[in-house]
Amino acid sequence: EVELYKRRMLDYKNESVRNEQRLKQYEKENHEQYHKQYNALREQIKEMEGQRDTNEALLAQEGQRNANLKQKCDTLQQTQKKCVTQFQKLQQRYKDQEQHA
């Protein structure tokens, strides 16, 4: 019976050592996996920040382009108004000349 007890104690001790080794291995794998995921997320963040910067630059360019187009549109509208006014003056002058003729 003492031999059986000693044998069981040795088995428990061996099992305990194996469990400790497994635990260390799991901790190591978990740590490595954590760092892989962390580094992958950092890379994604860098890419997203780069994309954000690109988008902001494109947005600024588009804003400037829109401002330029608005300025051109305003200029064209002013030119159109001047042309209409000139045309009306010429039309009136033509009518006046017809009446005097």
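The values are calculated or read from the model by the stated rules, or taken from the named source; none is laboratory data. Treat the numbers as computed from the prediction; the structure is a model and nothing was measured. With ligands, DNA and RNA removed, areas are computed over all heavy atoms of the protein, side chains included. Shrake-Rupley method; radii C 1.70, N 1.55, O 1.52, S 1.80 Å.
In this structure, is E47 modelled with pLDDT under 95 and open to solvent by 100 Å² or more (accessible area, probe 1.4 Å)? Outline the logic, then answer.
On the way: modelled with pLDDT under 95: no; open to solvent by 100 Å² or more (accessible area, probe 1.4 Å): yes.
Criteria not met by E47.
Scanning segment 75-101 for residues that are within 54 Å of the chain's Cα centre (by Cα) and of a type in the set (S, T, Y) yields T75, T79, T85. Inspection of segment 63-74 finds a residue satisfying the criterion of being at pLDDT 95 or above, within 21 Å of the chain's Cα centre (by Cα) and in a helix (DSSP H, G or I).
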